[in-house]
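Q: My structure is below; once you've seen it, I'll send some questions.
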């Protein structure tokens, strides 16, 4: 939003929605918390079901770069030393989106709240490339500056790059930075955040990026951005997460609806996968996430939801045979694997009920076979992004 009127800001804040103000208004409209969240576990968190995953992986040994508007290090739900400092990092966040995304990835369990991050064992590398002056669909940040942040993340050793605020346009520098990250084995994850018909975000629509669509609890897409480059989907509406501006407290924002935040859930799961399976390449991590996704109702690729909703437990626990298809390989349909997640540890009835959401729709060979068409299309076009036609 640009030039938000004071009344509009108040209305958005009262509704618990994030306020993204123009630079000249930021001093008066910096993010502030809704409070400390003590309500029922939100649907997005139930879907991922972090406690079910933690016996297998907490993300230890992984660094996730949160690239966007910075991260407020004063939020007490980030652990001591969890936010890395040094050259290029930003430990404050007036806009608020970076802090929300970082919390979804790695906020620590706390007795004061029912909210927790997906992978509390990770280190977070907060990088700011934009002060934020609106949604990516309205122009987003400078792609050249985003390219610089991606390069910094790779140079600092991040294995997962979360583009928390994608840009509204591409550039040669941005494409080169993504290629560099891909060549170094990093997993680059970016949300399809555009909310204007026919618009694309970058590097979401670029080759070498896992593009993430977002849905509400009913499964309906949140964003309008669409295309055959969409790889997977995750929660993007009515979310809870950490808030900037809490002044050292365990502070949260809710309910938050932002299609850009879906990528944060996928980044958290990607970190869990990398920690549990350190032998995997970046491409193999992306392949595992898409093969184990819970398919859309049609069973086919959906231009707004990709190959389906992220299935965190299946992604972390499944054993894939060596011939599982990857982004650069398209074996015969008969050679595709059956993906079977490992049995979960026995937990309390309440935990098991929440976990049922996450393990629904385990992928079988027939469903996984649908992904071959996408790999073939990508290979034919040299892994260049196609353009969605309304």
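Q: What is the extension gain from residue 110 to residue 87, computed as 0.36 nm multiplied by their sequence separation minus the C-alpha to C-alpha distance, in nm to one decimal?
A: 5.3 nm
Q: If you take every DSSP beta bridge fully contained in segment 35-279, what fraction is antiparallel? Give it as a percent rounded to 5.
A: 25
Q: What's the whole-number percent of alpha carbon pairs in segment 48-152 lying beyond 19 angstrom?
A: 44
Q: Here's a follow-up. On average, how much area does the Cα convex hull of segment 35-279 cover when viewed from any direction, in nm²?
A: The number I arrive at for segment 35-279 is 11.7 nm².
Q: Here's another thing I want to ask about it. Report the label-to-label distance for residue 155 and residue 131 in nanometres (one decimal), using points 7 Å from each Cα along the Cα→Cβ vector.
A: Output for this residue pair reads 2.4 nm.
Q: Next question, about the same structure. Could you list the residues of segment 291-309 with an amide nitrogen less than 19 Å from a label point located 7 Å from the Cα of residue 197 in the Cα-to-C-beta direction?
A: Residues 303-305 qualify, since their backbone N sits under 19 Å from the label point.
Q: Students often check this: by mean Cβ neighbours within 10 Å, which of 85-95, 258-268 ranks highest, and how do the rest follow?
A: Ranking the peptides 85-95, 258-268 by packing returns 258-268, 85-95.
Q: Taking R0 as 25 Å, what FRET efficiency do you get between residue 32 and residue 217 from their Cβ-Cβ distance, rounded to the nearest 0.05?
A: Rounded to the nearest 0.05, the efficiency is 0.45.
None of the figures in this text is laboratory data; all of them are computed from the coordinates on show. Keep in mind that this is a model prediction, so the values were computed, not measured. Please note: Cβ atoms are built from the backbone with ideal geometry, for glycine as well, and neighbour counts cover all protein chains shown.
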